[in-house]
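Engineer: Here's a structure for you.
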Amino acid sequence: MKVLCFGSMNLDYVYSLDHIVAPGETISSSYQEIFVGGKGLNQAIAMAKAGLPVWHAGITGTDGEILLKTLRENGVNTSLIRQEDVRSGHTIIQVDGNGQNSIILFGGANQCITSEYITEVLGEFGPRDMILLQNEINRLDEIINSAASRGIKVVLNPSPFDGNIGKCDLSKVGLFLVNEVEGAQISGISAQKPEQILDWFAVHYPEAEVVLTLGSEGAWYSGVEKRCFQKAFFTKTVDTTAAGDTFSGYFLEGWMTERSVEESLSRAAKAASIAVSRKGAAPSIPLAVELEVLQ
Ligand code: RIB
């Protein structure tokens, strides 16, 4: 069994502020740091730290050596990653005094995926394998179709949600990883009604499993055989960036191995609670051994 994360790699320019800047407002940042991130990279690292054998695919730019180095140092196979003569993807992230964030994304090299590259990458994987996708790279619809036609299990985190998701054949997705906002955007049902969102998925994608995260409120799982809820683990919030990515990576480790859904959710919630207590994206993702202190 091999796991492929085909996704973004970003340099995150993080600014600490009292509050998220309002339209027309100029405020000074008390602190600025650069972290390695990107939903693809974060989720690849979370899966690898959780214990899965992970390959990452995607494109970096001329400034992307640190992205490759970070993936390698965290146990992710980078042999499929290619470099283009453009800037890597980057973000501008504001983090307020409560640890909440606001993100501007510039795709850069993440938007340089070609059909030839997709064929080359997916040729390395087959029916026992899984592919994890997010929505920060181009040709997402093509990757989903090509992976499904090869019998690769497709897992989709449709984040950030935009019109590209509407172009994808979501009936080919075996597992959706969504937060309440994305769940509401896909289903058209209020984010305040998580069980109704799960009902909507059950009607429209009856074969698929769904994990619906609700931040500090916990997370739901819904599949053909069961539906269950996991509460969040309380922690002091420093920075919520990559908490969802951490949750996804740890849930998938359980999903791909012999763990029960309940245990997979619990481990994911523990890992995410550690991630929100730390600054940055990739650096905030805990090792599996760090989960043991949480009951
Ligand atoms: O999910 C967090 C990530 O979203 C950040 O690392 C940033 O790069 C954005 O892609």
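Please treat every number below as a calculation from the coordinates, not as lab data. Just so it is clear, the model here is predicted, and its values are computed rather than measured. Every residue, glycine as well, gets a Cβ built from its backbone with ideal geometry; the counts of neighbours run over all protein chains shown.
Engineer: What nm value, rounded to one decimal, do you get for the distance between residue 72 and residue 260 when each label is placed 7 Å out toward the C-beta?
Structural biologist: Modelled inter-label distance: 4.2 nm.
Engineer: Enumerate the lysines that residue 172 could reach by cross-link, defined here as Cα to Cα under 20 Å, with residues fewer than 8 away along the same chain left out.
Structural biologist: Of all the lysines, those that pass the test against residue 172 - Cα under 20 Å, at least 8 places apart if same chain - are 2, 153.
Engineer: Can you pull the one-decimal nm distance between simple spin-label points at residue 196 and residue 238, each 7 Å off the Cα toward Cβ?
Structural biologist: It is 3.9 nm.
Engineer: If you take every residue apart from residue 75 with its C-beta less than 13 Å away from the C-beta of residue 75, what net charge results, scoring Lys and Arg +1 and Asp and Glu -1?
Structural biologist: Working: positive: 49, 69, 72; negative: 73, 253.
Within the 13 Å Cβ shell, the charges total +1.
Engineer: Subtract the Cα-Cα distance of residue 119 and residue 25 from 0.36 nm times their separation in residues, and report this length gain in nm to one decimal. Could you put the intermediate results ahead of the total?
Structural biologist: On the way: separation 94, 0.36 × 94 = 33.84 nm, distance 4.64 nm.
Between residue 119 and residue 25, full extension yields an extra 29.2 nm.
Engineer: List the lysines whose Cα lies under 16 Å from the Cα of residue 39, skipping any in the same chain that are fewer than 8 positions away.
Structural biologist: 49, 279
Engineer: Who wins for biggest fluctuation among 49, 69, 153 in a Gaussian network model of the chain, springs between alpha carbons below 10 Å?
Structural biologist: Most flexible of the set in this elastic network: 69.
Engineer: Taking each full run of DSSP H in the chain as one helix, which ones are at least 18 Å long along their axis (Cα atoms) and have mean Kyte-Doolittle hydropathy of at least 0.0? Working shown, then result.
Structural biologist: Values: long enough: 243-256 (20 Å, 0.09); 261-276 (22 Å, 0.49).
The answer, listed by residue number, is 243-256, 261-276.
Engineer: Can you work out the PRE-style zone for residue 289? Point 7 Å along Cα to Cβ, and I want the residues of the range 43-59 with backbone N under 20 Å.
Structural biologist: In the range 43-59, the label zone of residue 289 (backbone N under 20 Å from the point 7 Å along Cα→Cβ) covers 45-54.
Engineer: Quick check: pseudo-label points 7 Å beyond the Cα along Cα→Cβ at residue 32 and residue 87, how many nm apart are they?
Structural biologist: About 1.3 nm separates the two model spin labels.
Engineer: Among 226, 172, 236, 279, what is the fewest-to-most ranking by other Cβ atoms within 10 Å?
Structural biologist: Values: 226 11, 172 19, 236 8, 279 16.
Neighbour counts put them in this order, fewest first: 236, 226, 279, 172.
Engineer: Around residue 261, what is the net charge, scoring Lys/Arg as +1 and Asp/Glu as -1 over all other residues with Cβ under 14 Å from its Cβ?
Structural biologist: Surrounding charge for residue 261 is -2.
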